[in-house]
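Please read the structure below before turning to the comments.
Every read-out reported here was derived from the displayed coordinates using simple, explicitly stated rules and does not represent laboratory data. All of these numbers come straight from a predicted model, not from anything done at the bench. Cβ atoms come from the backbone with ideal geometry, glycine included; neighbour counts cover every protein chain shown.
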Amino acid sequence: MKILLLIIFGCLTGGLLAQPASSNKVEIVWTGPTNNWQSSLWVYKLVPQVFPPAMISNLLAMTAFKMADNTGTNGRWVYDWNDLNFETPDQKRHLWICPTYGYIEYEDSTAIAQGDKPSHGVLSDEQVYPLALDQLRKLAIDRSQLATRPSTNAVFGPNDLGIRREERSEGWIDQKTHKNVDYVLRRGIYFVRQVDGVQIDGILHGGVFMSFGDDAKLAALQVTWRGLEPHELRPTLTPGQIMEKIRQGHNAQWGPDPPAGIVTKIRIFGFDTFYRGEPGNTDPEKQMHYLEPGVMIYAYVGDGGTNDEKCFVRMPILPDK
């Protein structure tokens, strides 16, 4: 089985990779626009979420469960999150609703083809989008809190939601024809949450994912939608201060690997601000308590020549306290 994830727009993720040399000999210039740089951003306190009764009712209807089917934790989950747990006797479908951490998870293994049976009725990308939007309305998701991007085609309308697509397929070699046989098991969409117009980084760190299998049947649903309470409005670092932080290598995580050799020039051509999110099912002892902003800086790194590499650095945008 293989999973293909198509990224529709820039993904705010990064790894702990090698850093360019941090010394005063490295020239750092900012060539991109900074007119939309935010001089201050809110820090939010993470608080228990409240799911409206109508949303719970719609969710049960979407997943074909009844409130009478709720088994609670029933000894299955490690943590006492005051959650709702629904599961069929054969354990092929389950629904987990955890209001405390704003998390919902649904899986239906019967919605996708099993074994050597081919899939049927799997929706196209164009068909998935309107169906997913309809489900979002049933989940009472505030569309103003979903990331957007300029429209690039006639399929989604003038203001596209900033989506990422999922396609899960399976393949094998036909023993008679000795040819590869491939078919799509399910297709889905990730909707990314935004706060004050700034998107939360990381797939499923903030937002909604849903995927549909045979005959447009809901195969998977995950909602990560933490409760937020304004905590503190703080000034951000200026672009000049960001450049100095980069020079010092302060909390700077570069990726991909900068070019081999000595780095003498870094040319910054763009940036994205983001809020650092987290998975909805994290160990309570490791849960974040505040939603804080950061910045992703995009730059050409090298010696200032034509072989410079496009790199990015992910770092805090707030000054140290």
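Computed from the Kirkwood radius of its Cα pairs, the Stokes-Einstein diffusion coefficient for the range 160-212 at 4 °C and 1.567 mPa s stands at 97 µm²/s.
Listing L161, L233, L133 from fewest to most neighbouring C-beta atoms within 10 Å gives L233, L133, L161.
What percent of all Cα-Cα pairs in the range 121-231 falls into each 10 Å bin, going from 0 up to the bin containing the maximum distance? Result, from short to long distances: 13, 39, 29, 12, 6, 1, 0 percent.
Between R193 and A147, I200, G206, G207, V208, the built amide H atoms are under 5 Å apart, and every one of these is 5 or more places off in sequence or on another chain.
Going from the fewest other Cβ atoms within 10 Å to the most, the residues F51, F212, F269, F86 appear in the order F269, F51, F86, F212. From the convex hull of the Cα coordinates of the range 48-227, what is the mean projected area in square nanometres? So the mean shadow area of the Cα hull is 12.6 nm². Ordered by the count of other Cβ atoms within 10 Å of each Cβ, fewest first, S57, S169 give S57, S169.
One chain, two ends: N36 and D134. Fully extended at 0.36 nm per residue, the span grows by 32.0 nm beyond their Cα-Cα distance. Given R0 = 35 Å, the distance between the Cβ atoms of Q175 and S124 translates into a calculated FRET efficiency of 0.75.
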